[in-house]
Amino acid sequence: QVQLVESGGGLVQAGGSLRLSCAASGRTYAMGWFRQAPGKEREFVAAIDWIGSTTKYAEGVKGRFTISRDNAKNTVYLQMNSLKPEDTAVYYCAVDNVLLPGTEAGSYDYWGQGTQVTVSS
């Protein structure tokens with residue numbers, strides 16, 4: 001059982017930046033970030049393999065968001081720049097016990113509680 005704790009969410013103006021962190025209780029393999037806005041389904045944002053050499057991004061965040069990890073700290077990060085009001089959502093990190101990251105929420109095994117990101121216009 002892996003426990004995940006997200007942090008770094010908050011309120012920011014459009015065009016601003018935030019960095020989310022997700023600390024895991026132990027060693028992990030592929031990790032991902034998803035988000036869920038009110039009234040919408042949870043959607044994929046970004047994922048990274050266990051080494052940190054392979055990353056995947058949703059089309060709507062490419063060029064603005066960067067996922068990275070520090071395995072010495074069992075932590076994955078999501079740097080979010082040029083934020084837009086449509087990025088407003090609860091952001092969740094998740095662990096997929098495979099080497100390469102996937103984009104489907106159903107394939108992930110463990111989830112954090114989420115952190116709220118609100119972007120004002």
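Using C-alpha pairs under 8 Å with a sequence gap of at least 6, the mean separation divided by the residue count of the chain gives a relative contact order of 37 percent.
Dipole size of the chain about its Cα centre, with +1 on Lys/Arg Cβ and -1 on Asp/Glu Cβ: approximately 280 debye, rounded to the nearest 20. When you restrict to C-alpha pairs under 8 Å that are six or more residues apart and normalise by the size of the range 1-65, the relative contact order lands at 21 percent.
How much FRET efficiency would the formula 1/(1 + (r/R0)^6) give for Asn71 and Ser107, where r is the Cβ-Cβ distance and R0 is 25 Å, rounded to 0.05? After rounding to 0.05, the efficiency reads 0.75. Within the range 31-72, what residues put their amide N at less than 15 Å from the label point 7 Å along the Cα-to-Cβ vector of Leu99? Flagged as within label range: 31, 49-55. For the chain, treating each Cα as an identical point scatterer without solvent, what Debye log10 I(q)/I(0) comes out at q = 0.18, 0.19, 0.20, 0.23 1/Å? The Debye formula, applied to the Cα set alone, gives -0.84, -0.94, -1.05, -1.38. Computed with a 1.4 Å probe over protein heavy atoms only, the accessible surface of the chain comes to 51 Å² per residue.
Dipole check for the range 61-100: with +1 at the C-beta of Lys and Arg, -1 at the C-beta of Asp and Glu, and the Cα centre as origin, the magnitude is about 120 Debye. When Glu59, Glu41 are compared by accessible area of protein heavy atoms, the largest-first order is Glu41, Glu59, using a 1.4 Å probe. Here the simple spin-label model places points 7 Å from the Cα toward Cβ, and for Ser82 and Ser25 these points are separated by 3.9 nm. Here the relative contact order of the range 54-121, from alpha carbon pairs under 8 Å that lie six or more residues apart, stands at 31 percent. Element breakdown for the range 67-121 at a 1.4 angstrom probe: carbon and sulfur atoms account for 47% of the accessible area. Sorting 92-105, 11-24 by their mean Cβ neighbour count within 10 Å, with the most densely packed peptide first, gives 92-105, 11-24.
The values are calculated or read from the model by the stated rules, or taken from the named source; none is laboratory data. In this text, all values refer to a predicted model and were calculated from it rather than measured experimentally. A quick note on method: Cβ atoms are made from the backbone with ideal geometry, for glycine too, and the neighbour counts reach across all protein chains shown. For the accessible areas, the whole protein counts, side chains as well, though only heavy atoms, and no ligand, DNA or RNA atoms are used. Shrake-Rupley method; radii C 1.70, N 1.55, O 1.52, S 1.80 Å.
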